[in-house]
Amino acid sequence: MTVQFTRNVDRRRFLQMAGAAGASGLLPLPGSIRRALAADAAPLASAVIAGKSDKMIVHNAKLGVMETPLDLLRDHPFTPKEILYNRLHFPIDLNGGWVATTAPASTETTRDWTILVSGLVQRPKTIKVSDLAKMDQVKRISVMQCAGNGRSYYWAKGKTAGSGWKHGGMGNLTWEGVPLMPLLKSLELGPDPSVTFLSANGKDVPPVVGGADLIKSYHLAAPQLQNAILALKMNGEPIPTVHGGPVRLIIPGFYGNMNIKWLTDLMLMDRENPSALMQKTYRMPFEPVEPGKFTTQDMTQQNTVPTYGFAIMSVVFAPLAGETVKAGNVDLKGVAWNDGVVPVTEVRVSVDQGRSWIAAEIDSSDGPTAWQHWQTRVALSAGAHEVWVRATDAWGRSQPMDGLTTWNPGGWDWHGVDRVAFQVA
Amino acid sequence: MLAAAAIAWLSGPAAAEAAGITLPPGPGANLVYARCQTCHDLQYIVDAKGLLPAQWKSTLAGMKDYGLTISPADEATILAYLTTYLGPNPPPAAASSPASGATRMAGAATSGRHVFEENCSGCHGPEGAGQAGIYPALAGNADLAKDAGLPARVVLFGLTGPIEAGGASYTGTMPPFGHLGDADIAAVVNYVRSAWGNAAGAGSVDAKAIAALRAHPLTSSDVHKYRAALLSPPPR
């Protein structure tokens, strides 16, 4: 409706100005467009996604890829929509750019939205979002993180394709919605005994005919699915459109691309979806690989596994790299997180390049899939210092001391021990 | 009301597309500009500078998996460009490398037909017939006659569907071709407006007119709105 209104206003203005055609024989632009193009050509986040803070670091405007500087990220226990990282898989201007905003979907869009549940089942069903909203809602507090978060640190060993994320491709969020697995059961779909995978697809479509769609498949035995919800709210509000509203599949502990936005299809299948965005990317090799010796084209279901759950990780929020703090007792703080299967049980900190380690206090009051806030206090004298942090989970899984050991051609899964250099004065 | 409209224009997504990331000049760069911006902007390519040849080869193969359709010859040209100019050992940039715009300006006008065949025929067809539902026909396309500024801006800044043309709808994405020189763009605009029996309407454009349009970059969303404003029937 707005579009129609805009068009007519500008048509009028356009006709007014048309009489002033220049010697070139070209008609002038409507005045309002002329204002738009006077905007700075630098990729400002708010020009890419309406409602985003211009402090965001834009990695790819056409795909709406942006990350959060850590000095913003650390200020909020729950990451506000204005500064939450984003990554789309198809151009943000497709179909009128309807997703390019942090505003929620319109009432009409939400009312009319349906999810088709089908696949190898006897009775496919359609679910209305408006019906989901009437069901009992549960809350999940979980980390959302891009599988490429930290990719730029791999580049010390060898370049990879993809955006140069630092640590800001993540956030801590609350989600509210309807539990997935009980819902599937209640639909009485009559699944075939061969069903082993759930696949999910959203409303976004590739920009070229025959292009790969973003369809993700999860083994039904994955423990994280027991915690999954069809989410309608993020941080207490209807989900911002760019982050998947009106309905997004949220699987706490799984990397961002697995949490399908604008959910339209759930399919019970006997295998992973063949989409190239499932089979040719977002996969980690089982064995260590070297740059140029193993490429994304060498990836198969036999030698790689999809990037499902987060690799256990911790980062330093204070001090940040390059900051100067006062000599004496220095507070060291940050967050840790894990894959949604078992909790982080230990966070250790070193201020002497790993020769000795101090156990940090862990605040896990938001639950095991949320940020685990760690902190400790260390006496430091004036000079240059470095803090290292390393998390370990209940199964004894930890972070590699040298993150480069998991170098891989897509640059996924960075979870090396975070090392932050700062000054004490 | 006008203010509301202006805000609507300003809030168009991806204003940064107009930022115009520049590739190192070299043979094949034009194909990268033409083929790679349908799905992502050039930042991805610039960020991947330093990939080993096997990695570039794999990356380009991956793009075909994701939907890129390309002739073997064009693929080889793009791969040679990427591995040479964005590989681990790129040739040193030419001393006093002229701004690409200057290079473009200096070139004598190529024939419009030649520019069309090299850059446009892949999607719009050698005879301008387009592809149903995706890329509109240029032959017999009456919209071209209304204002040369329309095809000129579409070529310079790109256009993403859906659009209506000749009573049919098209959903394709046209990347910006602003890397082409002003004279070449003027030539191809004049060509498509007069070829295949098209009636060019009000006059032809020259390089100077293209340069004037280039000086005020638009986003593809702005072009979409401008096109709608130009072509929509006047309000009653």
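This table checks each residue for (1) open to solvent by 30 Å² or more (accessible area, probe 1.4 Å); (2) within 10 Å of chain A (Cβ to nearest Cβ); (3) aliphatic (A, V, I, L, M); (4) in a helix (DSSP H, G or I).
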| position | (1), (2), (3), (4) |
| --- | --- |
| B:Leu144 | no, no, yes, yes |
| B:Glu164 | yes, no, no, no |
| B:Ala183 | no, no, yes, yes |
| B:Gly203 | yes, yes, no, no |
| B:Pro217 | yes, yes, no, no |
Quiz item: Give me the pairs: first residue in the stretch B:36-50 and facing another protein chain (nearest Cβ under 8 Å), second residue assigned to a loop (DSSP other than H, G, I, E, B) and open to solvent by 20 Å² or more (accessible area, probe 1.4 Å), beta-carbon distance under 6 Å, and six or more apart or on different chains, which are they?
Solution: B:Gln43/B:Ile21; B:Ala48/A:Ala161; B:Gly50/A:Lys159; B:Gly50/B:Pro88
Practice problem: Could you list, in sequence order, all residues of the stretch A:257-305 that are farther than 24 Å from A:Trp155 by Cα, without any contact (Cβ under 8 Å) to a residue 12 or more places away in the chain and within 14 Å of another protein chain (Cβ to nearest Cβ)? | Solution: A:Pro274
Practice problem: Scan (1) in a helix (DSSP H, G or I); (2) more than 22 Å from B:Pro176 (Cα to Cα); (3) at the interface with chain A (Cβ under 7 Å from one of its Cβ atoms) for the single condition B:Trp56 breaks and write down its number. | Solution: (3)
Quiz item: Restricting attention to the stretch A:147-166, which residues are open to solvent by less than 10 Å² (accessible area, probe 1.4 Å), more than 8 Å from every other protein chain (Cβ to nearest Cβ) and either in contact with an Asp or Glu (Cβ under 7 Å, 6 or more places away or on another chain) or among the hydrophobic types (A, V, I, L, M, F, W, C) (or both)?
Solution: A:Ala147, A:Trp165
Quiz item: Only one of these conditions is not met by B:Ser221: (1) open to solvent by 10 Å² or more (accessible area, probe 1.4 Å); (2) out of contact with any Asp or Glu (no Cβ under 6 Å at 6 or more places or on another chain); (3) within 9 Å of chain A (Cβ to nearest Cβ). Which number is it?
Solution: (2)
Quiz item: Condition test on B:Leu60, is it in contact with a His (Cβ under 9 Å, 6 or more places away or on another chain), among the aliphatic types (A, V, I, L, M) and at pLDDT 90 or above?
Solution: no
Exercise. Considering only the stretch A:181-246, give the strands (runs of 3 or more DSSP E) lying wholly within it that have at least 1 residues that are within 14 Å of chain B (Cβ to nearest Cβ) and over 26 Å from A:Pro343 (Cβ atoms).
Key: A:215-219
Self-check item: All strands (runs of 3 or more DSSP E) inside the stretch A:341-425 with 2 or more residues being closer than 30 Å to B:Gln55 by Cα and open to solvent by 20 Å² or more (accessible area, probe 1.4 Å)
Solution: none
Quiz item: Of all residues in the stretch B:12-29, how many are more than 12 Å from chain A (Cβ to nearest Cβ) and either surrounded by 24 or more Cβ atoms within 10 Å (Cβ to Cβ) or modelled with pLDDT under 50 (or both)?
Solution: 0
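Name the helices (runs of 4 or more DSSP H) wholly inside the stretch A:39-157 in which the number of residues that are without any contact (Cβ under 8 Å) to a residue 24 or more places away in the chain is 3 or more.
Ranges flagged: A:45-48, A:107-112.
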Exercise. Kindly indicate which of A:Gly410, A:Gly383 is at pLDDT 95 or above and at positive phi.
Key: A:Gly383
Quiz item: Hey, any hits in the stretch B:97-113 for a residue that's modelled with pLDDT under 95, among the β-branched types (Val, Ile, Thr) and open to solvent by less than 30 Å² (accessible area, probe 1.4 Å)?
Solution: no
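The values are calculated or read from the model by the stated rules, or taken from the named source; none is laboratory data. Here the structure is a predicted model, which means the values were calculated and not measured. Please note: Cβ atoms are built from the backbone with ideal geometry, for glycine as well, and neighbour counts cover all protein chains shown. To get the accessible areas, we keep the full protein, side chains included, count just its heavy atoms, and leave off ligands, DNA and RNA. Shrake-Rupley method; radii C 1.70, N 1.55, O 1.52, S 1.80 Å.
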